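Right, one structure below, let's go through it.
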Amino acid sequence: MPPDPFKPMDKESRLSPGNDSTLYGMILENIDRSVIAFDQEGRITLFNPAAEALMERSSRQMIGKHYQELFKDQETLLYLVKVALMESRSITDDEGLYLIRANASPLPVNAYAAPIFSKRGSQDGAVMIIRDLSRIKDLESTLRRADRLSMLGTLAAGLAHEIKNPLGGIKGAAQLLSMELAHESSLQDYTQIMIKEVERINFIIEELMDLGNPRPPEIGDVDLTKILDDIVLLQREAARSQNIRFILKLDPSIPPVQGDENLLTRLFLNLVKNAREAINHDGEVLIETRIASNYHLTGPGRRSSPMVDISISDTGCGIALDQMERIFTPYFTTKSKGSGLGLAISQKIIEDHHGLLKIESAPGVGTTMLVSLPLRR
């Protein structure tokens with residue numbers, strides 16, 4: 001009987017000659033690409049664990065099924081397998097390919113199909129390799145936002161510096177005028193309004209300057225569970241009259257991440273507050289944390305680090321499609337109150353922590369903000 005390619009074995013067995021099939025099986029079991037093999041009639045003969053996770057179907061369920069059943073109504077994938085089987089040539093598709101799944105949204109992927117030849121040279125079937133591109137797309141989107149935000153932040157910070165200087169003179173003149181006027185003078189109201197409005201503008205300018213030239217993060221160990229617990233405690237009190245339920249599903253096994261505690265507190269306070277304010281009355285805010293074990297972050301001079309996913313979902317009004325890209329633009333806001341700088345500053349904090357931000361939203365359904373932070377820097 002041939003060796004079972006998925007049967008565990010010890011180190012000596014793995015490294016000894018003559019165990020190629022078992023070694024190949026281990027590679028297929030652990031690789032993060034979906035690998036699906038077909039016989040010459042198009043029936044599935046191999047369906048590795050990555051394919052199970054991507055397709056949301058088990059190997060036991062799919063072995064023996066025809067590829068047309070697996071890729072029903074997905075013309076591009078059907079075509080790739082057909083070319084590999086019928087024309088005996090390799091083919092790939094990297095352009096705008098989406099995998100349709102029964103219980104989830106379409107997933108951006110690329111796919112490669114190739115014929116399988118026996119040692120005798122005859123074709124025995126075909127293999128397809130599918131790669132999940134969702135994280136790459138998220139990274140590309142984050143980089144585009146970061147580049148745009150960097151340019152806007154630099155411009156805004158320069159303007160803010162020019163505006164801040166005369167504001168001090170206006171406030172000083174208003175305070176002197178107030179001192180010169182009689183206490184009961186009706187003009188006192190005008191001077192107080194001037195001072196109050198100058199202070200409001202000054203606060204906005206300071207936020208702009210933070211965006212354009214933020215302080216460097218002070219890195220230390222940060223307990224995300226404690227931060228989120230504290231934030232929800234305050235937001236529950238603020239939302240008492242709105243009848244909003246806050247649900248926490250925090251993984252207690254997640255170790256502290258390396259980051260700036262004050263900046264990360266500001267980040268998650270802003271996101272949780274946004275989620276609460278998106279709900280007028282009777283809603284739910286769900287906060288979850290988990291280790292994204294399938295993805296690691298690497299960079300020049302940094303070791304590979306697993307990612308921690310923090311998702312904040314609400315059942316509020318949602319964000320219209322035409323507003324999705326604009327919500328990171330400074331001063332753009334969909335709320336009646338607010339400076340429009342919250343998400344721009346949040347994006348900057350995430351960028352400074354080498355993280356990613358993904359947003360999914362549907363009008364009338366709600367919004368999910370997914371923050372991914374490296375466990376280690």
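Taking the range 111-130 as the search range and keeping residues that are within 16 Å of Ile36 (Cα to Cα) and either at pLDDT below 90 or among the β-branched types (Val, Ile, Thr) (or both), which one is nearest to the chain's Cα centre (by Cα)? Per the stated criteria, the residue is Ile130. The residue that is farthest from Pro256 (Cα to Cα), counting only those in the range 366-377 that are at pLDDT 90 or above and in contact with a Ser or Thr (Cβ under 9 Å, 6 or more places away or on another chain), is Gly366. The number of residues in the range 166-202 being open to solvent by less than 70 Å² (accessible area, probe 1.4 Å), part of a helix (DSSP H, G or I) and of a type in the set (A, V, I, L, M) comes to 6. The one condition from (1) hydrophobic (A, V, I, L, M, F, W, C); (2) modelled with pLDDT of 70 or more; (3) out of contact with any Lys or Arg (no Cβ under 8 Å at 6 or more places or on another chain) that Ile195 does not meet is (3). Of a type in the set (Ser, Thr, Tyr) and under 15 Å from Gly125 (Cα atoms) - does that describe any residue in the range 38-52? Looking for residues that are of a type in the set (Ser, Thr, Tyr) and under 15 Å from Gly125 (Cα atoms), one finds at least one in the range 38-52, hence yes.
Hey, among the residues in the range 105-120 that are of a type in the set (Gly, Ala, Ser) and in a strand (DSSP E or B), which one's farthest from Val81 (Cα to Cα)?
If we filter the range 105-120 for residues that are of a type in the set (Gly, Ala, Ser), which is where we start, we get 105, 111, 113-114, 118.
Checking which are in a strand (DSSP E or B) leaves us with 105, 111, 113-114.
On the way: Ser105: 23, Ala111: 10, Ala113: 6, Ala114: 8 Å.
The selected residue is Ser105.
The set of residues from the range 303-347 being at pLDDT 70 or above, open to solvent by 50 Å² or more (accessible area, probe 1.4 Å) and either aromatic (Phe, Trp, Tyr) or more than 21 Å from Val232 (Cα to Cα) (or both) comprises Leu321, Asp322, Gln323, Glu325, Arg326. Flag: Val83 does not match the condition of being open to solvent by less than 10 Å² (accessible area, probe 1.4 Å), closer than 21 Å to Leu46 by Cα, part of a strand (DSSP E or B) and out of contact with any helix residue (DSSP H, G or I) (no Cβ under 7 Å at 6 or more places or on another chain).
Within the range 40-51, the set of residues being open to solvent by 60 Å² or more (accessible area, probe 1.4 Å) and without any contact (Cβ under 8 Å) to a residue 60 or more places away in the chain comprises Glu41, Arg43.
Within the range 86-104, the residues that satisfy the criterion of being closer than 15 Å to Met128 by Cα and assigned to a loop (DSSP other than H, G, I, E, B) are Glu87, Ser88, Arg89, Ser90.
The values are calculated or read from the model by the stated rules, or taken from the named source; none is laboratory data. Remember, it's a predicted structure, so these values are computed and weren't measured experimentally. No Cβ is skipped: glycine too gets one built from the backbone with ideal geometry, and neighbour counts run over all protein chains shown. What goes into the accessible areas is simple: the full protein's heavy atoms, side chains included, and nothing from ligands, DNA or RNA. Shrake-Rupley method; radii C 1.70, N 1.55, O 1.52, S 1.80 Å.
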